[in-house]
Amino acid sequence: MTRTEIATLGGGCFWCVEAAFEALPGVVDVTSGYAGGHADDPTYGEVCSGSTGHAEVVQIAYDGDELAYADVLKVFFTVHDPTQLNRQGPDVGSQYRSIVLTHDAEQAETAAAYVEQLDAEGVYDDEIVTEIEPLETFYRAEEKHQNYYEKNPGDAYCTFHADPKIEKVRREFVDRAQ
């Protein structure tokens, strides 16, 4: 029986982050959604306006016997730039911020320690601006945003932004990637 664990992360457009994690063996499901804001049950349009305070995030269900939370964080910090404040590539606004939303104290400690490790090793030239905070509420995004990359493989945005993330997962996590 699979021991399912959950991680909730935001690193820019959820379509791209979702696609990258779906390429990682041990991941059971990835759900796009919104978290970290102040409005109840926000819509995509409301989140994109920046008025709700939410970030586009993915909630990753993974086999805890196959992947550790630290593995999930390693992939996350590899497929996005945690030094960009309120943006990823062409997407600008607080809804695209780098954020780790933790489900318990152990996840919070692991995430903080990993960011400290990345800083100590000088992995990035600039300061990591990733927020780490407890998850209060996750709102599932509208159905058209679920598995967007899979449903729209020819979409120019996905080809330009998601494909490199997927290839990075396959290249750098070859022992795990399909």
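The values are calculated or read from the model by the stated rules, or taken from the named source; none is laboratory data. Treat the numbers as computed from the prediction; the structure is a model and nothing was measured. Here the Cβ is made from the backbone with ideal geometry for all residues, glycine too, and neighbour counts use every protein chain on show.
Give me the residue from the stretch 25-42 that is under 15 Å from residue 4 (Cα atoms) and not acidic (Asp, Glu) and, out of that set, surrounded by the fewest Cβ atoms within 10 Å (Cβ to Cβ).
Ranking the qualifying residues of the stretch 25-42, first place goes to 25.
Between a residue in the stretch 67-93 that is within 17 Å of residue 18 (Cβ to Cβ) and any residue that is at pLDDT 95 or above and of a type in the set (Gly, Ala, Ser), which pairs come within a Cβ distance under 7 Å, given they are 6 or more apart or on different chains?
From the stretch 67-93, the pairs are 72/7; 73/111; 76/11; 79/11; 80/11; 80/98; 88/11.
Take the stretch 20-41 and flag every residue that is touching a residue at least 40 places away in the same chain (Cβ under 8 Å), among the small types (Gly, Ala, Ser) and within 20 Å of residue 130 (Cβ to Cβ).
The answer is 20, 32, 33, 35, 36.
Results for (1) at pLDDT 95 or above; (2) among the aromatic types (Phe, Trp, Tyr), shown as yes or no for each residue.
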site	(1), (2)
5	yes, no
12	no, no
43	yes, no
69	yes, yes
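State all residues of the stretch 53-68 that are surrounded by fewer than 22 Cβ atoms within 10 Å (Cβ to Cβ) and either on the phi > 0 side of the Ramachandran plot or more than 13 Å from the chain's Cα centre (by Cα) (or both); if no residue qualifies, say none.
Across the stretch 53-68, the qualifying residues are 53, 63, 64, 65, 66, 67, 68.
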